[in-house]
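The values are calculated or read from the model by the stated rules, or taken from the named source; none is laboratory data. In this text, all values refer to a predicted model and were calculated from it rather than measured experimentally. Counting neighbours? That spans all protein chains shown, and the Cβs are built from the backbone with ideal geometry, glycine included.
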Amino acid sequence: MNEFKKLFQKTRNWLGPILIFTMVMIAFPLSLNIYSSELVSSFESILVISLLMTAFISTEGIFNEDYSDGTFEMYISEDGSMFQLVLEKFCANFLMVSLPIALVGLSFAVANGAILENYLSALIGIFFVNTILTSIFAFGSSISLNKGAILGIISVLPFSMPAVILFGRFLDNLSLDHISLSFLQLLAGLSIISFLIFAWLSSKIIKLHLE
Amino acid sequence: MKNLLLPLISIKEYISLNHKIYPYAMILGIALVLVGWGMGLFFAPIDAVQGHSYRIIYLHVPMAIYSQLIYWFMAIWSFCFLVWKIKIGPYMTISAAYVGCMVTFLALFSGSVWGIPTWGTWWQWDARITSTFILLIMYIALLTINSSFQNINKADQITAWVVLVGVINIPIIKKSVDWWSTLHQPASISLSSESSIDSSMLIPLSISIVGVGLFLFALGLKVSRLMILKREEI
Amino acid sequence: MIAIKNLTYSINKNTLFSGLTFEGASGNILQILGSNGSGKTTLLKILSGITEPSKGDLEIIGSPKKLFLGHKIPIKDYFTNLQNFLSLNPDASESNFNQYCEQVNLSTSKTLLSSALSFGQKKKLLLSKIFLSSYDILFLDEPFVGLDRETIGIIKDRILEMKVNGTTIFLTSHQEVLDGDVVINLDSGLITK
Amino acid sequence: MEKLKLQFSSISDALMMDGHGIYVWIVYLVAALILIAFSAVTDSKLKMAKDCE
């Protein structure tokens, strides 16, 4: 619960990514002819890229504050589980950033005519892909703790490629109305696996950083 | 048995072993590369479809093979380092990363140039090319991570973790890129026709594969020696 | 309670300390002395289990309740004083906060954001942890820095009280406020009782 | 195996390779350069490190 409170108090850390995402969504049609058919076809890639970007922005400083003010050190000395703390942080991020972004993304997708049916599937899909990307980039942010964000991005960007491809497939199938329950299950499973694996790895890396 | 494992534990033993192996690997490697490439460039028969440009295969295929193999090599050493705290683990990993980065670049470069006369384009969003490109980024990222921490022990451990995550990711990336590219376009292009390769082409190819391998191994030995010299007091 | 054998720590080629051997019995104050950069904080971090030693053994008998308070202050600027107090002491209540403020002379409102606090006040708020619960092993890194004389006295009293109750206290300090039962000098490597 | 014989009648022939020569030779030259440079740089650094000791 403490992590939720912390994130909620830091307005720019959760509202910022949502606003940036919304700005990109608004800016994108402005760059095209409003009647052009490109609006629908290129919306998918814009959605993927902006998800990638916001996942990075929202996790950029996820561990920095607790690292620099000594919270982690105190927490570990009291035999607290770092893994659990990181899991909490991830969950807070999922609920405060990924979910709103999924909603915003869905509404713009509907407005641009990229998704005509299956609103719920689309929402769930965007949300799960966002959680995968968030987990991956949070891992990157744990690597680049106090080293600037660039190091984190380049080290985990390759890992995010499969998620991007998966999401592309998902949106393709969605627009063709081929979406099946098993695809959503696949996304959910991958999301949970990456959530656990990357949280565990991040906790390991943070412990190394404290030395 | 203990004597055999000694170089794994003691840096000194490793250095003396390194000195012993290095000249053989280097000389044999260069000799085989010269023989393999010479045979490939001048003596191997011309390819019926691609003409002479296929001769890039004698450079491209070894590089492509080792760009993958070196990553697995790094993963094994990283695993040993994290689990058993083997001292030379990070040296092997990082020196392999330097070599791997170069090799992956050469694989991409030779492939691109080969693509110009054969496909009419230097870049194709083919599964293998894309995943090799991602591999190159991974090598660069690993080297960047390793060089951006002042505490060497910390840098080595973090690098080892990222290497291990990467090794899980390589097959995933490969499969997913495969999935993506095969759905977008028919997989009409395959990089090499290994199944139907003639023995007169296969012999120079295998010689260059072995030769390049030995040469890269020697380079790796040299880089690891340099790293140990820089970091450790012997 | 806590036994150290041949402890060595080095960063890259630079060895901070080597071959430290000592024991921290319950009810002892172990004072760690040393010049700047001699590894006092690192030693405390190793003892509290945050950092791994390069060589040597660290044995802690049983599962004691530990706490490490470094010179960084984990007080969140965007929380109110009460929120910070409660996240530091999860079992405490609002009345504990008022009580503690009176005890250490911390004159502030519970609804005020902690960003308004001065360094010393933040430190006081942080030290509430050792007043509100008891620990088996305590690691204090420069606990008296930035505090006024009066508060130093209060905290010293609390440390002595904990010592009587059987807490092992590791302490680094440039100010000579407390005398240790065991003095570990990192410059000379000597351990005196 | 018997196909393994010299394919070119002259040096210019070997350089041209029916118009594909430029690609083949660029690849091999660049690769050789990079490999040699890598080896040479490591050697010189080794020497420098040894001198420092």
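Name the residues in the stretch D:1-25 that are surrounded by fewer than 15 Cβ atoms within 10 Å (Cβ to Cβ), touching a helix residue (DSSP H, G or I) at 6+ places or on another chain (Cβ under 7 Å) and either outside any helix (DSSP H, G or I) or at the interface with chain B (Cβ under 8 Å from one of its Cβ atoms) (or both), would you?
Step one: of the stretch D:1-25, the residues surrounded by fewer than 15 Cβ atoms within 10 Å (Cβ to Cβ) are D:1-3, D:5-6, D:9-13, D:15, D:18-19.
Add one more test, that the residue is touching a helix residue (DSSP H, G or I) at 6+ places or on another chain (Cβ under 7 Å), and what stays is D:1, D:3, D:5-6, D:15, D:18.
Once the filter is applied, which keeps residues that are surrounded by fewer than 15 Cβ atoms within 10 Å (Cβ to Cβ), touching a helix residue (DSSP H, G or I) at 6+ places or on another chain (Cβ under 7 Å) and either outside any helix (DSSP H, G or I) or at the interface with chain B (Cβ under 8 Å from one of its Cβ atoms) (or both), the stretch D:1-25 yields D:MET1, D:LYS3, D:LYS5, D:LEU6, D:ASP18.
Given the condition closer than 30 Å to B:GLU232 by Cβ, surrounded by fewer than 18 Cβ atoms within 10 Å (Cβ to Cβ) and in contact (Cβ under 8 Å) with a residue 60 or more places away in the chain, answer yes or no: does some residue in the stretch C:20-33 qualify?
From the stretch C:20-33, those closer than 30 Å to B:GLU232 by Cβ are C:20-22, C:32; that's our starting set.
Cutting the leftovers down to surrounded by fewer than 18 Cβ atoms within 10 Å (Cβ to Cβ) gives us C:21-22.
Subset that is in contact (Cβ under 8 Å) with a residue 60 or more places away in the chain: C:21-22.
Yes, there is a match, as at least one residue in the stretch C:20-33 is closer than 30 Å to B:GLU232 by Cβ, surrounded by fewer than 18 Cβ atoms within 10 Å (Cβ to Cβ) and in contact (Cβ under 8 Å) with a residue 60 or more places away in the chain.
Could you list, in sequence order, the residues of the stretch C:80-92 that are outside any helix (DSSP H, G or I) and closer than 23 Å to A:SER77 by Cα?
Taking the stretch C:80-92 and keeping what is outside any helix (DSSP H, G or I), we get C:80, C:89-92.
Of everything in the stretch C:80-92, those that are outside any helix (DSSP H, G or I) and closer than 23 Å to A:SER77 by Cα turn out to be C:ASN89, C:PRO90, C:ASP91, C:ALA92.
Hey, can you tell me all the residues within the stretch C:121-144 that are surrounded by fewer than 20 Cβ atoms within 10 Å (Cβ to Cβ), under 17 Å from A:GLY70 (Cβ atoms) and acidic (Asp, Glu)?
The answer is C:GLU142, and nothing else.
Consider A:ILE126 against the criteria (1) buried (at least 19 other Cβ atoms within 10 Å of the Cβ); (2) within 11 Å of chain B (Cβ to nearest Cβ); (3) of a type in the set (A, V, I, L, M): it satisfies all of them except one. Which criterion is unmet?
Condition (2) is where A:ILE126 drops out.
Within the stretch B:133-182, can you find the residues that are basic (Lys, Arg), more than 18 Å from the chain's Cα centre (by Cα) and farther than 20 Å from B:TRP77 by Cβ? Working first, answer last.
Kept after step one, since they are basic (Lys, Arg), are these residues of the stretch B:133-182: B:154, B:174-175.
Filter again for more than 18 Å from the chain's Cα centre (by Cα), leaving B:154, B:175.
B:LYS175, the sole residue that qualifies.
Please enumerate the residues belonging to the stretch C:50-68 that are buried (at least 16 other Cβ atoms within 10 Å of the Cβ) and facing chain A (nearest Cβ under 7 Å).
C:ILE50, C:THR51, C:LYS66, C:LEU67, C:PHE68
Filtering the stretch A:159-211 down to residues that are within 18 Å of the chain's Cα centre (by Cα) and among the β-branched types (Val, Ile, Thr), which residue is farthest from the other protein chains (Cβ to nearest Cβ)?
Only one residue tops the list, namely A:ILE192.
Any idea which residue in the stretch C:145-193 is surrounded by the most Cβ atoms within 10 Å (Cβ to Cβ), counting only those that are closer than 19 Å to C:LYS122 by Cα and of a type in the set (Ser, Thr, Tyr)?
The qualifying residue surrounded by the most Cβ atoms within 10 Å (Cβ to Cβ) is C:THR151.
Taking C:SER95 as meeting all but one of (1) more than 25 Å from C:LEU33 (Cα to Cα); (2) in contact (Cβ under 8 Å) with a residue 60 or more places away in the chain, write down the number of the exception.
(2)
Would you mind stating whether B:PHE42 is out of contact with any Cys (no Cβ under 8 Å at 6 or more places or on another chain), surrounded by fewer than 24 Cβ atoms within 10 Å (Cβ to Cβ) and over 30 Å from B:SER199 (Cα atoms)?
Numbers: out of contact with any Cys (no Cβ under 8 Å at 6 or more places or on another chain): yes; surrounded by fewer than 24 Cβ atoms within 10 Å (Cβ to Cβ): yes; over 30 Å from B:SER199 (Cα atoms): no.
Criteria not met by B:PHE42.
Which of the residues spanning the stretch C:70-93 are more than 17 Å from C:LEU113 (Cβ to Cβ) and more than 7 Å from chain A (Cβ to nearest Cβ)?
The initial filter retains those residues of the stretch C:70-93 that are more than 17 Å from C:LEU113 (Cβ to Cβ), namely C:70-72, C:89-93.
Across the stretch C:70-93, the qualifying residues are C:HIS71, C:ASN89, C:PRO90, C:ASP91, C:ALA92, C:SER93.
Show the residue pairs that are 6+ apart or on different chains and have beta-carbon atoms under 7 Å apart, the first residue being within the stretch A:24-43 and aromatic (Phe, Trp, Tyr) and at pLDDT 80 or above, the second being buried (at least 17 other Cβ atoms within 10 Å of the Cβ) and assigned to a helix (DSSP H, G or I).
A:PHE28/A:ILE46; A:PHE43/A:ALA109
Select from the stretch A:1-55 the residues that are aromatic (Phe, Trp, Tyr), within 14 Å of another protein chain (Cβ to nearest Cβ) and within 15 Å of the chain's Cα centre (by Cα) and list them in ascending order.
Correct list: A:TRP14 only.
If I go through the stretch B:77-124 residue by residue, how many of them are within 11 Å of chain D (Cβ to nearest Cβ) and outside any helix (DSSP H, G or I)?
If we filter the stretch B:77-124 for residues that are within 11 Å of chain D (Cβ to nearest Cβ), which is where we start, we get B:95, B:98-99, B:101-103, B:105-107, B:109-118, B:122.
If we keep only those that are outside any helix (DSSP H, G or I) too, we end up with B:122.
Number satisfying all stated conditions: 1.
Test each condition in (1) closer than 19 Å to B:SER95 by Cβ; (2) surrounded by fewer than 14 Cβ atoms within 10 Å (Cβ to Cβ); (3) without any contact (Cβ under 8 Å) to a residue 60 or more places away in the chain for B:GLU13 and report the one that comes out false.
With respect to (1) closer than 19 Å to B:SER95 by Cβ; (2) surrounded by fewer than 14 Cβ atoms within 10 Å (Cβ to Cβ); (3) without any contact (Cβ under 8 Å) to a residue 60 or more places away in the chain, B:GLU13 is out only on (2).
Does at least one position in the stretch C:105-115 carry a residue that is within 14 Å of chain A (Cβ to nearest Cβ), part of a helix (DSSP H, G or I) and surrounded by 15 or more Cβ atoms within 10 Å (Cβ to Cβ)?
yes
Quick check: is even one residue across the stretch A:137-147 out of contact with any strand residue (DSSP E or B) (no Cβ under 6 Å at 6 or more places or on another chain), among the β-branched types (Val, Ile, Thr) and within 13 Å of chain B (Cβ to nearest Cβ)?
Taking the stretch A:137-147 as the starting set, the residues that turn out to be out of contact with any strand residue (DSSP E or B) (no Cβ under 6 Å at 6 or more places or on another chain) are A:137-147.
After this cut, where a residue has to be among the β-branched types (Val, Ile, Thr) as well, the list is A:143.
Right, trim to within 13 Å of chain B (Cβ to nearest Cβ) and you get A:143.
Within the stretch A:137-147 (the criterion being out of contact with any strand residue (DSSP E or B) (no Cβ under 6 Å at 6 or more places or on another chain), among the β-branched types (Val, Ile, Thr) and within 13 Å of chain B (Cβ to nearest Cβ)), the answer is yes, since at least one residue qualifies.
Could you list, in sequence order, all residues of the stretch A:121-158 that are under 16 Å from the mean Cα position of the chain (by Cα), more than 26 Å from A:ASP69 (Cβ to Cβ) and touching a residue at least 24 places away in the same chain (Cβ under 8 Å)?
A:ALA122, A:ILE124, A:GLY125, A:ILE126, A:PHE127, A:PHE128, A:VAL129, A:ASN130, A:THR131, A:ILE132, A:LEU133
Filter the stretch B:132-163 for residues that are more than 9 Å from chain A (Cβ to nearest Cβ) and touching a helix residue (DSSP H, G or I) at 6+ places or on another chain (Cβ under 7 Å) and give the result.
First, pick out the residues of the stretch B:132-163 that are more than 9 Å from chain A (Cβ to nearest Cβ): B:132-133, B:136, B:139, B:143, B:146-147, B:150, B:152, B:155-156, B:159-160, B:163.
Within the stretch B:132-163, B:THR132, B:PHE133, B:LEU136, B:TYR139, B:LEU143, B:ASN146, B:ILE152, B:ALA155, B:ASP156, B:THR159, B:ALA160, B:VAL163 qualify.
Working carefully through the options A:SER121, A:SER142, find the one that is more than 19 Å from A:ILE26 (Cα to Cα) and surrounded by fewer than 23 Cβ atoms within 10 Å (Cβ to Cβ).
Numbers: A:SER142 fails: surrounded by fewer than 23 Cβ atoms within 10 Å (Cβ to Cβ).
Being more than 19 Å from A:ILE26 (Cα to Cα) and surrounded by fewer than 23 Cβ atoms within 10 Å (Cβ to Cβ) holds for just one of A:SER121, A:SER142, which is A:SER121.
Mind listing just one residue for me: the one in the stretch B:137-154 that is out of contact with any Cys (no Cβ under 8 Å at 6 or more places or on another chain) and crowded, with 19+ Cβ neighbours inside 10 Å and, of those, farthest from B:THR93 (Cα to Cα)? Explain how you work it out, then say what you get.
Here is the first cut: in the stretch B:137-154, the ones out of contact with any Cys (no Cβ under 8 Å at 6 or more places or on another chain) are B:137-138, B:141-142, B:144-154.
Filter once more, so that each one left must be crowded, with 19+ Cβ neighbours inside 10 Å: B:138, B:141-142, B:145-146, B:149.
Numbers: B:MET138: 13, B:ALA141: 13, B:LEU142: 10, B:ILE145: 13, B:ASN146: 10, B:PHE149: 16 Å.
So, considering only residues that are out of contact with any Cys (no Cβ under 8 Å at 6 or more places or on another chain) and crowded, with 19+ Cβ neighbours inside 10 Å, the one farthest from B:THR93 (Cα to Cα) is B:PHE149.
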